[in-house]
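Read-outs: derived from the displayed coordinates by stated rules, not from any lab. Source: prediction; values computed, not measured. Ideal geometry is used to build each Cβ from the backbone, glycine not excepted, and the neighbour counts take in all protein chains shown.
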């Protein structure tokens, strides 16, 4: 990922948890802003990244004003956005696009599928522990909504997960 190889890049992490991923970037000289709803997670992450700008925030409320004024080389999120409806995900992704620097990228690792059929197959095979309150990414659907104003790639990692790379 070129944008995170750049020294002193600006990174926004959505749902950073205990800071495992962003602390690696922080330790390599990147500026980290982060949003997470859990005060206890923020406390743990802040101890790893004392100068990071970590904000307690529920992403279902959109983005806080303090974040909207910044530009980021990378916006990252792992296993956080599946708590949003597909409609809310699309609104948030469009807001993320407005925060990207010239060559910035959005990187999302989450429970996700190439097609709706793959999601339905996984649901059928996992019905005993399927969470009906989570909304998993389907690349074909997300891409159809985003393709007119950005580039969206999907890289499957397993039968139920993958990485999205979104750029202008």
Full-extension gain in nm, residue 68 to residue 133, via 0.36 nm per residue minus C-alpha separation: 20.6 nm
Taking the range 2-167 and dividing mean pair separation by its residue count, relative contact order in percent (alpha carbons under 8 Å, at least six apart): 20 percent
Residue order, fewest to most beta carbons within 10 Å, for 138, 69, 163, 11: 69, 163, 138, 11
Over the chain: helical MRE at 222 nm, DSSP H runs n ≥ 4 each giving -39500 (n - 2.57), nearest 500: -9500 deg cm²/dmol
Neighbour-count ranking [beta-carbon atoms within 10 angstrom, fewest first] of 155, 30, 83: 155, 83, 30
Backbone N under 19 Å from the residue 20 label point (7 Å along Cα→Cβ), restricted to the range 106-130: 107-112
Residues listed by number, the range 15-31, amide nitrogen under 12 Å from residue 157 label point at 7 Å toward C-beta: 21
Virtual spin-label span in nm between residue 28 and residue 47, 7 Å along Cα→Cβ: 2.5 nm
Ranking of 27, 33, 88, 128 by count of other Cβ atoms within 10 Å, fewest first: 128, 27, 88, 33
Calculated P(r) over Cα pairs in 5 Å bins from 0, in percent (choose from (i) 1, 7, 14, 15, 13, 13, 13, 12, 7, 4, 1, 0; (ii) 2, 9, 18, 21, 20, 16, 9, 5, 1, 0; (iii) 2, 8, 18, 22, 24, 18, 7, 1), label: (ii)
Choice from 79, 124, 139 with maximal GNM fluctuation in the chain (Cα, 10 Å cutoff): 124
